[in-house]
Structures are given as C-alpha cells and as structure tokens.
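Notes to accompany the following structure.
The values are calculated or read from the model by the stated rules, or taken from the named source; none is laboratory data. Being a predicted model, the structure only gives us computed values, none of them experimental. Cβ coordinates were reconstructed from backbone atoms using ideal geometry, including for glycine residues, and neighbour counts include every protein chain displayed.
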Amino acid sequence: MTGLRITRGEAGEWIEIRPQRHGERRVAGRIKLVEQSPERVVAHTRYAPGLLIERHSHLANEVIFVIAGELRVDGERCGAGTTLVLEQGTPFGPVEAGPEGAELFECFDGPPGHVSLDDDGFLALLAARGITLLPETHASLPDQGRTLAGALPPDQPGVSRGSGEAR
C-alpha cells in the first residue's frame, strides 16, 4: 500500500474493549481503528480511570504515545507526552490507567497478536481489588491471538470463557 492517506478524527467507530466491574462502576477501554492492514495497525485508544490490563506482549513491534491522562506500566508513571517503544515479544504490564484515565495513539507494524502472560498473577490482582472481568462483545478487532479469557477459571462471574483465541 503506497500513497498518502488522511483520516479525520470523526471517522470510524469507537469499540468497547476490556470491560470490567470495579465495585458498582463499569470500567472499560474504547478503541478506534485508524488504519488496519497486514503491514500496520494504528489505533486511537481511551482507557477509563483505573482500567487494568494484564502483563502481556505483542507479536508485532508497538509504539504508544500518551496523548492525555496517564498510565502505570510495570509500576512506572507514564503521563501525557510519554512515548513507549516495545519490540515484538517484549513483556510489559500490568498496565493501569490513572485517575483521569488515559488517551493513547498506538501503532503496530503488523497484526498486534496480544499474548497474555502471568494469568494467575493478574487474576489474583483483580481478586485483591474486587474487580470482575466482563465479557467482550465486539468481534471486529484485529486478530489478538491468545487472550486472558482462555485462562479464566470456570467460576469467574460474568466472564465469557470462549476458547481464548482471536475474537
């Protein structure tokens, strides 16, 4: 694919990702795919305050730019203006959105291929904080590979077990 492509901010739909129940509050992320091809995936992402994402890696190189708010990645604060560069297969996380949430611009040099790591540790962290994972319902995201859903215990309330494979 060659040439110039311009995508306006209003283009595309926001898709809910990673829904969770934090006490009485529903928390989730939202992603808008700016571009999706075999060569790259570009996304505008928003995380609600306190959203937790398990330790994971990707099957592609990734660059994340924090537009607004903040993330904690491996315990380190990454505020607005921070750039994270992750080589393919680099483990990182858990990732936690700050008190104002986080807005990100993410670029992958191919399909992301999300691979969950330390599922038991993440489930213990969720339990310690009283957080319940909720089922993801949107099927038009890029192939994410193995996700946490395949590792959840059968008694995890409100979670769609599925095969854990791509949605």
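In table form, for the structure just shown:
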read-out: Where a residue in region 77-90 is modelled with pLDDT under 95 and its partner, wherever it lies, is surrounded by 12 or more Cβ atoms within 10 Å (Cβ to Cβ) and assigned to a loop (DSSP other than H, G, I, E, B), with Cβ under 7 Å and at least six apart; value: none
read-out: Close pairs from region 65-76: first of a type in the set (Asp, Glu), partner surrounded by 15 or more Cβ atoms within 10 Å (Cβ to Cβ) and not in a loop (DSSP other than H, G, I, E, B), Cβ under 8 Å, at least 6 apart; value: GLU70/CYS78; GLU70/ALA97; GLU70/GLY98; GLU70/ALA102; ASP74/PHE92
